[in-house]
Amino acid sequence: MKKKLLAAAIFSLFTFHIAQAQSDPIVMEVGGKQIRQSEFMKEFNQSVGNNLKKRHGVTNDEKRQALKEYTELYATFRAKVEDAKAQGFDTMPDMLRELARYRKDLAAPYLIDSTVLERLLHEAYDRNHYSLHAAHILVRVKPDASAEDTLAALQRAHELRQRVVNGEDFYAVAAEEVHRISPKAQLRPNEGELGYFSVFDMVYPFENAAYALNVGEVSQPVRTRFGYHIIKLIDKVSMYGKCTMAHIWLKSNDSASNRGAINMMYNQLKDGQDFAMVARQSDDRSTANSGGLLSDATLSQLPPEYVSRLQNMKEGEFSKPFFTQYGWHIIKLIQKDTLPPYESMVPYYKSKMSRDPRGEESRKNFARICRQRYHIVDNTVTPVEQPKSPKGKKNKGKLQQPVQMKASLDELITIVPDSVMSGLWRYKDTSFKDLRPLVEMPNRTYNVLDVARYIKRHQKSERNRTTIPYYIRNKYNEFIDSVTIVYADSQLENEHADFAEVVDEYRRGLMIFNYNEKMIWGKAVNDSVGFAQYYARESSTKHLDNPADSLYFWKKRARLVILDVADSTMLAPNKAQKMLVKAAKKNMGSLEMKQMLSEKCKNTNGNEPVSLDLQLVEFSRQDILQDNEWSKGVYLHPHGHGYRAIVVEDVIAPVIKSQREARGYYLNGYQNEVEENLNQTLRKKYNVKIHWDVVNKINY
């Protein structure tokens, strides 16, 4: 029976391999590894095939040729991969650091709750169509306040809300609350006034409550880290972002003063006078000279009265005069921003969310999901299993014992001092005795030492101080989310084939880049002996009369002494030319020529009369000599108020460039030669075999 089962198993395995060989044949073998058609074609289509399919008029012969060329290149590439791994290029520290940076960016979208993120992005975009004008009353209470203090603050907030709902002035009630907390505080006009704001301008709970209100409505108390807010929505306008406008402002303590002046300006504008000219009379001296221009003004920077008028104005229109607490105003709308498409705003929203509590919502929700998925246990909220009472017996008359958890943060709360909220806590691991696991994960556990190290690493000076228990619990929750996401990150390659594929592709790309840099490019640059031999061999094949080789030769060149005489009245040009001709025949040096001319110059007024320059110029690549001046001699050209005397000392016939002069032209060819030699060596070393019978049957 066993023999029959073994024979059946062998037959089954044999038929499986035959079926695989038929459906997914081997395209090539490199270093003993078999590369099947499915893997090969996936790489080919990504690199070449998909682009070819999109092109019109591609013939079958062209497609066959492209497949053949890619097969050769891919075989060599896989041999390089094997050799790079054998030499440790896949474990180089620089490569691993670069790969880690890339992988971190690539992993980010996988480590959030995409559903929550998408909802928050669309919510921000929908709200961004509007700006709100609101005021608030704040009853202050700390985030970690006791239950009694929190309840008292909430009751106070309800009382104040009821008063404004019953008709009391909202701003007066807001001022009363500020004065109650800070009797010496200087109260502002319209205490509690917030002006206009939009999405991300306020803390998220406040923003949520404000956008849920109708104009004129007063909210229920809203809790933020500052306390309880009562919000009144004064206005809601369909405006976004920034606007460019101009204004005229006349200071007035009451509406009677300057009324006549502002009306006169308004009449001037109606009669067609330029707004910029009239704005020169504005009391805003910072803008008066620029026509009252306020460019790129955000709505939150403008007085509410400006925004309420701007929303109904068309570009180019100006308003009637209006009065505010600052005086009289006339405004003109020049340009109003419109909200860009959603896709354009997403990067901006994501950037804002990275510094906004709502950005944490998708991350925290993702961490909660992962704790369930991976069975990550928080022992500080996991009760110890209690022994069951014997059947039929009940604990009658006994007091119910408090539920005991598997682990506790009590020791941490006791040891950590207040200095942690100043970023100054130092500790020793030996301080902690309760080392029960706080967090249990599939691959490890974490105890109080891990949490303490996390707190030490992330401590900073806190603007809003809290109690130590509240602080520790928050940091512990951050710690659990952090280690949960680290674990989820470690599982990405196993759970997302597309992610693993992209990371592996980038890893191979980095590895081969470093391999090529050392084995090909760097070797070619640093191998002076090999390069000299290559230059000697290749330069002998270059011919001056071959246009394709022109880069490797110097054309006719001239060695020049250039003497600029600043003013022709100091020394006559023909006299200078005669002097230089004689000097050239005597092989006089350039400095001597300059000195000779300078001594003959008159009325120099202490200035340098002659300047000197030496140049070696190539024919057709210069603008100093004319075509008929390419012979030894002295030539004069007008130059400013003076002239330029050019002494052609020597004319050099065309010649092939030296190894140093032509290094850049030959280096690329030498690198190609080094690479070709390496490729041939690798194909032999890793016994590359291409199954052309399989390749020739591939259709795409």
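So the values come out like this:
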| quantity | calculated |
| --- | --- |
| Pairs with Cβ under 7 Å, 6+ apart, first in the stretch 45-61 and within 17 Å of Asn696 (Cα to Cα), second assigned to a helix (DSSP H, G or I) | Val48/Ala66; Val48/Tyr70 |
| Filtered residues of the stretch 294-311 (kept if within 19 Å of Lys270 (Cα to Cα) and out of contact with any Phe, Trp or Tyr (no Cβ under 9 Å at 6 or more places or on another chain)) | Leu310 |
| Every residue from the stretch 461-481 that is free of Cβ contacts under 8 Å to residues at least 60 places away in the same chain, within 22 Å of Phe432 (Cα to Cα) and within 30 Å of the chain's Cα centre (by Cα) | Asn474, Lys475, Asn477, Glu478, Phe479 |
| Where Ala185 falls short, out of the listed (1) in a loop (DSSP other than H, G, I, E, B); (2) of a type in the set (A, V, I, L, M, F, W, C); (3) over 15 Å from Leu138 (Cβ atoms) | (3) |
| Leu667 vs. criteria surrounded by 14 or more Cβ atoms within 10 Å (Cβ to Cβ), at pLDDT 95 or above, under 46 Å from the mean Cα position of the chain (by Cα) and not assigned by TED's automatic domain parsing to the domain that holds Leu73 | no |
| Subset tally (residues that are acidic (Asp, Glu) and buried (at least 17 other Cβ atoms within 10 Å of the Cβ)) for the stretch 117-153 | 1 |
| Answer residue from the stretch 230-271, given it is over 24 Å from Asn312 (Cβ atoms) and in contact with a helix residue (DSSP H, G or I) (Cβ under 6 Å, 6 or more places away or on another chain) and is surrounded by the fewest Cβ atoms within 10 Å (Cβ to Cβ) among those | Ile231 |
| Residue that is nearest to Met202 (Cα to Cα), among those in the stretch 351-363 that are of a type in the set (Lys, Arg) and crowded, with 16+ Cβ neighbours inside 10 Å | Arg358 |
| Options His639, His691; residue that is touching a strand residue (DSSP E or B) at 6+ places or on another chain (Cβ under 9 Å) and modelled with pLDDT under 95 | His639 |
| Elements of type strands (runs of 3 or more DSSP E) contained in the stretch 188-285, each with 1 or more residues being under 30 Å from Thr466 (Cα atoms) | 193-197, 222-224, 227-237 |
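Residue by residue, here is whether (1) closer than 30 Å to Tyr665 by Cβ; (2) touching a residue at least 24 places away in the same chain (Cβ under 8 Å); (3) touching a Pro at 6+ places or on another chain (Cβ under 6 Å); (4) among the charged types (D, E, K, R) holds:
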site	(1), (2), (3), (4)
Ala548	yes, no, no, no
Tyr552	yes, yes, no, no
Ile562	yes, yes, no, no
Leu571	no, yes, no, no
Ala576	no, yes, no, no
Glu599	no, no, no, yes
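The values are calculated or read from the model by the stated rules, or taken from the named source; none is laboratory data. Only a predicted model underlies this, so the values are computations on that prediction, with no experimental measurement involved. Ideal geometry is used to build each Cβ from the backbone, glycine not excepted, and the neighbour counts take in all protein chains shown.
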